[in-house]
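Asks: Can you read through this structure? Questions will come right after.
Read-outs throughout are calculated quantities, based only on the coordinates presented, and are distinct from any laboratory measurement. Just so it is clear, the model here is predicted, and its values are computed rather than measured. Cβ placement follows ideal geometry from the backbone for every residue including glycine, while neighbour counts extend to all protein chains displayed.
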Amino acid sequence: MRHLPSRPLSRRAAGSLAAAVLCAGGLAAPAAARDTAERPAADGAAARQAAVEPDVRLPDGLAATPPMGFNNWNSTHCRAEFNEAMIKGIADIFVEKGLKKAGYQYVNLDDCWALPQRDANGKLVPDPKRFPNGIKAVADYVHSKGLKFGIYTSAGTKTCNEAGFPGALGHERSDAQQFAEWGVDYLKYDNCNNQGVDAKKRYIAMRDALKAASETTGRPIVYSICEWGENKPWEWAADVGHLWRTTGDISDNWNSMLSIMKKNLPLDEYAGPGHWNDPDMLEVGNGGMTDTEYRTHFSMWSIMAAPLLIGSDLRKATPGTFEILGNKEVIAVDQDPLGKQGKVVSSQDGRWVVAKEMKDGSRAVALFNESGTAQAVSTTAKAVGLPGAPAYTLRDLWRHKSYHTAGRISATVPAHGTVLLRVAADGKWASYPPAVELGVDGGDFFEPGKRTPLTTSVTNLGRVPARQVTAKVETPGGWQVDATSPTTARSLAPGKTLRTSWQVTAPQGTAPGSYDVKIAATYRSPTGTRADNVLPLNARVVLAPPSGASSLGDLPWLSMSNGWGPVERDTSNGEGAAGDGRPITIDGKVYAKGLGAHAASDVAFYTGKACEKVTAEVGVDDETRTDGTVAFEIWADGKKAASTGTLTNAMPAQPLSADVTGAQVVRLVVTDGGDGIYADHGDWGGATLHC
């Protein structure tokens, strides 16, 4: 997002601000009139037709399942690397890496593909530097690979980029015809510089233009409405487009993805074949989240029947990225022909259960853990809508293994993780071993050289006994693991649990950071089939905080997420790059120490149950516009210990103090004050941890 007058606004902010300024100045009608005067006469008829709302539905069979493909924006924006060679390279990779076989088919351009001006005939002109052979040549290349091609424009006078490329408002018929003649199969239609014209009228005008172009060229075009959810398109756009954005733009961080997911989940009733909720493109592989978080991203988009548009540059993608994006069992959940979006079954204390009805009668079930520590997430076959049965087949879609359960669907899910299952009452359950749930108490943090206790559990969820059960703790080489209670059970009856106590020690001198620690269990079914289960932990080697008072700007953090760029130490948030902040300044008062953040922000520190208090003076930094609003919170081990009301940059710094006695983790959180995150630079002036 963009937040300072010296820099361009985000797509959403740019569109809203332009419309607000123009409407406030009484300029919307004249601007629209100027566009109309410049366009061919046929487009004038289209604009007049858009004043009414003809009963034109979309029985065209397009987007029967959520579209899958690629869009360059998240990885390249308007940088020079976005060009003809890149797009052709992506098409090649779709074929070479098996993504085409997995279901991905659209290779889409985003903003910045055109010159800033139309030609003398009002036609769009591709940028000859980026696309020296023109758009049709690129579309032809994509089609030669058996794939489809997409393009971008905006339902305004200009697109969303600050350079101001031509938008389609007033040029709908001409542009749609040009797209169809080029071989475009997919149009993303944005919302910037919309001149205050009614959203439904603008998007209906392009719908009708695409229909007319299809009739003359034989080229049907999937229509993606990128209206950001501002006018609740889920309530009216099923007759207009094949998919519609339900939220603002996604960013490559946990908080952004989580916020968007939560906004999209309640809209399940509006999705179906040919009309899909769109929570924006995938960030998988762009580097701002862990693989665990990216698997959650991909799992939740799939169970929400969301479009799966890859937003990473696949020319630079890691094998792990291809493994996530190419998981055919997860993709099958997204592409199920019944076209149901998953429904929330339960959500409490960061534990989410979302279930999706599948055409074959099974249920896809996501057990999602929003919190920062491993948690057990549970439901039942009945709760997710399955009929009564002696037992159920349970397929783990990330581990690609099948088990059976007597009816309980449960797993201990790593922090920010998702276990995605497919559960069926299919009568085949007896051919699979019983499912076991692994649990752990402890194991989140290890101080070097210090014996750390943890307790593991292995619980039989099946209908038959689990035999020869063995529990293990797997650690990096050099770590010491000592069991202090039995690690095996000859037989574990249905519903019974094997609990084992352990002492785990990271070697003295182990560097702080994340380490691969796993809880594992091996066992056999009554027929002798060997089975196993593994629970990866988010194990962190940490250093105890120093005694006395320490500036939080000087201490290492466990995790950090921020609404714009990184959190800065001892400076304001500044621009989007690291290290570009200014002195922390709140209502004219300058602070030498502290943290500069931007809503939505969350910074976690390890306190090791050895600290008593956090103090700070908080407020909106003076570098922002006057419309920044934020609120501050201090959390201790998942409980809110202190908070402010909504603050603006017209207010002086507010003192904030929290009792964090006994907490293992302290988090500093900045929220948006309830009105979006524009200009929300929040300062933790003089933030201090007392231990």
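Asks: Please give the length that would be gained between Gln654 and Ser346 if that part of the chain were fully extended, namely 0.36 nm times their separation in residues minus their C-alpha to C-alpha distance (nm, one decimal). All intermediate terms of the calculation are to be shown ahead of the outcome.
Replies: Values: separation 308, 0.36 × 308 = 110.88 nm, distance 3.73 nm.
Between Gln654 and Ser346, full extension yields 107.1 nm more.
Asks: Let me ask you something else. Could you calculate the FRET efficiency of Glu269 with Val481 from 1/(1 + (r/R0)^6), where r is the beta carbon distance between them and R0 is 60 Å, rounded to 0.05?
Replies: 0.75
Asks: Taking 0.36 nm per intervening residue step and subtracting the Cα-Cα distance, what contour gain separates Glu230 from Lys450 on full extension?
Replies: Details: separation 220, 0.36 × 220 = 79.20 nm, distance 5.30 nm.
Extra length available between Glu230 and Lys450 comes to 73.9 nm.
Asks: For the range 338-354, in order, what is each residue's ³J(HN,Hα) by Karplus, 6.51 cos²θ - 1.76 cosθ + 1.60 with θ = phi - 60°, in whole Hz (x at glycine and Pro)?
Replies: Taking θ as phi minus 60°, the curve returns 5, x, 8, 8, x, 10, 6, 8, 7, 7, 8, 6, x, 9, 10, 10, 10 Hz for the range 338-354.
Asks: Okay, moving on. Counting other Cβ atoms within 10 Å of each Cβ, which GluC sites (Glu not before Pro) in the range 604-655 have at most 15 and sit in a DSSP loop? Working shown, then result.
Replies: Numbers: sites: Glu612, Glu617, Glu623, Glu633; in loops: Glu612, Glu623.
Taking the range 604-655 and a limit of 15 other Cβ atoms within 10 Å, the loop GluC sites (Glu not before Pro) found are Glu612.
Asks: Hey, another quick one. Does the range 439-542 come out rounded, prolate or oblate by the C-alpha gyration tensor, with a ≥ b ≥ c the root eigenvalues, rounded set by a/c under 1.5 and, if not, prolate when a/b is larger than b/c and oblate if not? Show your work: numbers first, answer last.
Replies: On the way: a/c = 2.70, a/b = 2.43, b/c = 1.11.
Prolate shape, in that a/c is at least 1.5 and a/b is the bigger ratio.
Asks: For Lys123 and Asp426, FRET efficiency with R0 = 56 Å and r from the beta-carbon atoms, rounded to 0.05?
Replies: Values: r = 57 Å, r/R0 = 1.01.
Here the calculated transfer efficiency is 0.50.
Asks: Where the centroid of each part is defined by its Cα atoms, how far is the range 645-682 from the range 281-326 in Å?
Replies: Rounded to whole Å, the Cα centres lie 31 Å apart.
Asks: Now, a different point. Under 5 Å between amide H atoms, partner at least 5 residues away or on a different chain: which partners does Thr607 have, H built in plane at 1.01 Å?
Replies: Hits under the 5 Å cutoff: Val665, Val666.
Asks: Kindly provide the helix-only [θ] at 222 nm of the chain, computed as the sum of -39,500 (n - 2.57) over DSSP H runs of four or more divided by all residues, to the nearest 500 deg cm²/dmol?
Replies: Values: 13 runs with 135 residues, N = 691.
Value at 222 nm, helices only, nearest 500: -6000 deg cm²/dmol.
Asks: Roughly what % of Cα-Cα distances in the range 549-690 sit above 21 Å, to the whole percent? Show your work: numbers first, answer last.
Replies: On the way: 3165 of 10011 pairs.
Of all Cα-Cα pairs in the range 549-690, 32 percent lie more than 21 Å apart.
Asks: Taking a threshold of 26 Å on the Cα-Cα distance, which of the pairs Lys328/Lys359; Lys88/Lys328; Lys340/Lys640 fall above it? Don't jump to the answer; show the numbers that get you there.
Replies: On the way: Lys328/Lys359 17 Å; Lys88/Lys328 24 Å; Lys340/Lys640 37 Å.
From the list (Lys328/Lys359; Lys88/Lys328; Lys340/Lys640), the Cα-Cα distance tops 26 Å for Lys340/Lys640.
Asks: Using 1/(1 + (r/R0)^6) with R0 = 25 angstrom and r between the beta carbons of Glu323 and Ala80, what's the FRET efficiency to the nearest 0.05?
Replies: On the way: r = 30 Å, r/R0 = 1.20.
Efficiency at R0 = 25 Å is approximately 0.25.
Asks: Specify whether the C-alpha gyration tensor of the range 342-432 places it in the rounded, prolate or oblate class, a ≥ b ≥ c being the square roots of the eigenvalues: rounded for a/c under 1.5, otherwise prolate if a/b is larger than b/c and oblate if not.
Replies: Working: a/c = 2.02, a/b = 1.60, b/c = 1.26.
In terms of gyration-tensor shape, prolate.
Asks: Which aspartates and glutamates, if any, have their Cα less than 13 Å from the Cα of Lys496, not counting same-chain residues under 8 positions apart?
Replies: Glu437
Asks: Between Leu543 and Lys359, what is 0.36 nm times their sequence separation minus the Cα-Cα distance? Round to one decimal in nm.
Replies: Values: separation 184, 0.36 × 184 = 66.24 nm, distance 5.13 nm.
Between Leu543 and Lys359, full extension yields 61.1 nm more.
Asks: Between the range 531-564 and the range 343-376, what's the alpha-carbon centroid distance in Å?
Replies: 26
Asks: Go ahead and collect, in residue order, the members of the range 144-168 whose backbone nitrogen is under 17 Å from a label point 7 Å along the Cα-Cβ direction of Val95.
Replies: 144-150
Asks: About the Cα centre of the range 439-542, how large is the charge dipole given +1 on each Lys and Arg Cβ and -1 on each Asp and Glu Cβ? Please answer in debye to the nearest 20.
Replies: On the way: 12 positive and 7 negative charges, 104 e Å.
Charge dipole of the range 439-542: 500 debye, to the nearest 20.
Asks: Something else: Can you list residues from other chains, or at least 5 along the same chain, whose modelled amide H is less than 5 Å from the amide H of Gly167?
Replies: The answer is Lys158, Thr159.
Asks: Roughly what percent of Cα-Cα pairs across the chain reach past 32 Å? Could you put the intermediate results ahead of the total?
Replies: Details: 134584 of 238395 pairs.
Roughly 56 percent, rounded to a whole number.
Asks: Placing +1 on the Cβ of each Lys and Arg and -1 on the Cβ of each Asp and Glu in the range 439-542, which of Ser501, Pro526, Ala489 has its Cα farthest towards the positive end of the resulting dipole?
Replies: Positive-end residue among those listed: Pro526.
Asks: Helix 291-303 versus the longest principal axis of the chain: what is the Cα-based angle in degrees, 0 to 90, to the nearest 10?
Replies: Once rounded, one gets 60 degrees.
Asks: Tell me, what HN-Hα J-couplings in whole Hz come from the Karplus equation 6.51 cos²θ - 1.76 cosθ + 1.60 at θ = phi - 60° for each residue of the range 87-104, using x for Gly and Pro?
Replies: 5, 5, x, 5, 4, 4, 5, 3, 6, 5, 9, x, 5, 4, 5, 6, x, 6
Asks: I would also like to ask the following. Going toward the positive end of the dipole of the range 549-690, with +1 on Lys and Arg Cβ and -1 on Asp and Glu Cβ, which of Gly682, Pro652, Met560 do you reach last?
Replies: It is Met560, whose Cα lies furthest towards the positive end.
Asks: While we're here: Once label points are set 7 Å from the Cα along Cα→Cβ at both Asp587 and Gln508, what is their separation, rounded to one decimal in nm?
Replies: Between Asp587 and Gln508, the simple spin-label model gives 5.2 nm.
Asks: Provide the per-residue ³J(HN,Hα) series for the range 527-533, in order, calculated from phi with Karplus coefficients 6.51, -1.76, 1.60 and θ = phi - 60°, each as a whole number of Hz, with x at glycine and proline positions.
Replies: 3J(HN,Hα) across the range 527-533, in whole Hz: 7, x, 5, 7, 9, 7, 8.
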